[in-house]
Amino acid sequence: MTIASQSRLIGANIEHAGQHNQRVVLHAIRVAGPATRAEIAEVTGLTPATITNITNRLLDNGLLERAGQRRGTRGQPATRLIVNAGGAFAIGVNIDRDHLTMVAVDFEGRVRARISHEAAFPSPEDVQRFYRGHVDELLRCGGIAASALSGIGVALPDDLGRIDLPGRPRDYDRWSTYDVASLFAEPLSLPVIVENDAAAAAIGEMQFGLGQQYASFFYLLITFGLGGGVVVNSLYDRGADGRSGEIGFLTVEDREGRRRPLQEIVSLAGLTRALVEAGVEAHSIHALDMNDARITAVTGEWVASAAQALVQPLIAVSCLLNPGAVLIGGRLPVALIEQLGHATSALVQRDGGHVPVLAPICTAALAADSPAIGAALLAFGHLLLPADTPAQRRISDAA
């Protein structure tokens, strides 16, 4: 067997190893900061000399800042370091079949400004008008200069235009071949990174949310449809064809015994359909009066149906992936996500007693804007995200 016929192997040169180590150091400080250089070296396994070189460079570039000194030990007090939130900024855009969101995010993952728009099946032209019409306002509200931006990240569902859904325009499949990045070419000349929405949400959670507590998790993203993301050992796992986590396409039995794709039930589309069938107009889920008995009856019934539909898929996730947690995020009100999490967890515990380990089910920290925040994070990728190569592992002390 020749090398060419074997699995693809990727080497890492000294430059790539150095970039990876810089990302590792930044992530360690983000999780554990304020931290001294000695503490960073202990956490990362890199040598003190490497840590000094990397942190000095990051201080010079304004990505770290000093946060006082740690006293009470022998010798010179050690300087504590933290991530400089104002060291870099990025724009994140989330495109969905019923909604557009744009956020401005700082280097700590905090949203400095947010603009959203409800729109049924927005076209590429609608997205371009939304971006061009509001980007200046976004930066002004966030107090961010355009020159301080690292780039633009865009998150949207795979197969955005292909899946046949009620109300879908006849020409909506244009999205399948459209150059999405070109929609953001003006007025700012910035790099544009396009990503699947569930992947962006999971990556954002990995860096800025509960990923700091769980190194491995499965992310369940509830939007107009249903997506999933797989994070293993603090690295996003795309799968062989870049389609890992596609839980929404699994078929399940609904409460009437019919087999349906999971995302027809567990999604904003599924909840909206339930509200409409009950005679409730739902222009926006977040605008619903949750104190209205009729609305709470419908949402309660939907939570029960969605939880039942999720049981077997999430038991399978625990068996196949053994994640530290299943995190639920998306554009549902947080109270509904929490209700769904509690109801699903109870059913999974009831029906999954034969499984060696069942992952706990939790509400994601970033919740509603996770795809947009994760998309913005992609613009920091050269600074934050370990590359998808063997350089993910510490292979040298390159600095």
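The values are calculated or read from the model by the stated rules, or taken from the named source; none is laboratory data. Keep in mind that what you see is a predicted model, and the values were worked out from it rather than measured. Please note: Cβ atoms are built from the backbone with ideal geometry, for glycine as well, and neighbour counts cover all protein chains shown. What goes into the accessible areas is simple: the full protein's heavy atoms, side chains included, and nothing from ligands, DNA or RNA. Shrake-Rupley method; radii C 1.70, N 1.55, O 1.52, S 1.80 Å.
If the condition is being within 15 Å of residue 215 (Cβ to Cβ) and free of Cβ contacts under 8 Å to residues at least 40 places away in the same chain, then region 16-37 contributes 28, 32. For region 291-335, the set of residues classified as at positive phi and open to solvent by 20 Å² or more (accessible area, probe 1.4 Å) consists of 322 only.
Every condition in (1) within 29 Å of residue 236 (Cα to Cα); (2) open to solvent by 30 Å² or more (accessible area, probe 1.4 Å); (3) not polar (S, T, N, Q) is met by residue 187 except one, and the failing one is (1). Residues in region 64-74 that are open to solvent by 60 Å² or more (accessible area, probe 1.4 Å) and at pLDDT below 90 were compared, and the one that is farthest from residue 85 (Cα to Cα) is 74. Checking each residue in region 213-246 for being at pLDDT 90 or above, among the small types (Gly, Ala, Ser) and either farther than 16 Å from residue 326 by Cβ or part of a loop (DSSP other than H, G, I, E, B) (or both) picks out 215, 216, 225, 239, 240, 244, 245. Determine whether residue 338 is over 22 Å from residue 120 (Cβ atoms), open to solvent by 10 Å² or more (accessible area, probe 1.4 Å), outside any loop (DSSP other than H, G, I, E, B) and among the charged types (D, E, K, R). Against the criterion (over 22 Å from residue 120 (Cβ atoms), open to solvent by 10 Å² or more (accessible area, probe 1.4 Å), outside any loop (DSSP other than H, G, I, E, B) and among the charged types (D, E, K, R)), residue 338 qualifies. One residue stands out in region 105-133 among those that are farther than 26 Å from residue 171 by Cα and either hydrophobic (A, V, I, L, M, F, W, C) or part of a helix (DSSP H, G or I) (or both): the one that is most open to solvent (accessible area, probe 1.4 Å), namely 111.
One line per residue, one yes/no per condition, for (1) outside any helix (DSSP H, G or I); (2) in contact (Cβ under 8 Å) with a residue 60 or more places away in the chain:
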| position | (1), (2) |
| --- | --- |
| 304 | no, no |
| 315 | no, no |
| 332 | yes, yes |
| 345 | no, no |
| 357 | yes, no |
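Of the residues examined, residue 144 is not one that is more than 18 Å from the chain's Cα centre (by Cα), β-branched (Val, Ile, Thr) and open to solvent by 20 Å² or more (accessible area, probe 1.4 Å).
Considered as a group, the residues in region 18-36 that are within 25 Å of the chain's Cα centre (by Cα) and not in a helix (DSSP H, G or I) include one that is modelled with the lowest pLDDT, and that residue is 33. Does residue 172 meet the test of being among the aromatic types (Phe, Trp, Tyr) and under 30 Å from residue 61 (Cβ atoms)? When the stated conditions are applied, residue 172 does not pass them.
Within region 37-63, the set of residues being more than 19 Å from residue 84 (Cβ to Cβ), open to solvent by 40 Å² or more (accessible area, probe 1.4 Å) and assigned to a helix (DSSP H, G or I) comprises 38, 42, 43, 48, 49.
Results for (1) over 20 Å from residue 198 (Cβ atoms); (2) within 23 Å of the chain's Cα centre (by Cα); (3) at pLDDT 95 or above, shown as yes or no for each residue.
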position	(1), (2), (3)
308	yes, no, yes
313	no, yes, yes
317	no, yes, yes
323	no, yes, yes
326	no, yes, yes
335	yes, yes, no
351	yes, no, yes
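Of all residues assigned to region 163-181, none qualifies as being touching a Phe, Trp or Tyr at 6+ places or on another chain (Cβ under 9 Å), under 18 Å from residue 101 (Cβ atoms) and either touching a residue at least 12 places away in the same chain (Cβ under 8 Å) or surrounded by fewer than 16 Cβ atoms within 10 Å (Cβ to Cβ) (or both). What about residue 276, is it surrounded by 14 or more Cβ atoms within 10 Å (Cβ to Cβ) and of a type in the set (Val, Ile, Thr)? No, not satisfied.
Every test in (1) open to solvent by less than 10 Å² (accessible area, probe 1.4 Å); (2) outside any helix (DSSP H, G or I) is passed by residue 202 save one, and that test is (2).
Yes/no per residue for (1) over 21 Å from residue 160 (Cα atoms); (2) assigned to a loop (DSSP other than H, G, I, E, B); (3) not β-branched (Val, Ile, Thr):
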{"site": "206", "(1), (2), (3)": "yes, no, yes"}
{"site": "211", "(1), (2), (3)": "yes, no, yes"}
{"site": "248", "(1), (2), (3)": "no, no, yes"}
{"site": "272", "(1), (2), (3)": "no, no, no"}
{"site": "308", "(1), (2), (3)": "yes, no, yes"}
{"site": "312", "(1), (2), (3)": "yes, no, yes"}
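The set of residues in region 147-178 that are among the aromatic types (Phe, Trp, Tyr) and assigned to a loop (DSSP other than H, G, I, E, B) contains only 178.
Kindly indicate whether any position in region 345-358 is touching a strand residue (DSSP E or B) at 6+ places or on another chain (Cβ under 6 Å) and open to solvent by less than 10 Å² (accessible area, probe 1.4 Å). Looking through region 345-358, none of the residues is touching a strand residue (DSSP E or B) at 6+ places or on another chain (Cβ under 6 Å) and open to solvent by less than 10 Å² (accessible area, probe 1.4 Å). Does residue 91 meet the test of being surrounded by 21 or more Cβ atoms within 10 Å (Cβ to Cβ) and among the aliphatic types (A, V, I, L, M)? Criteria met by residue 91.
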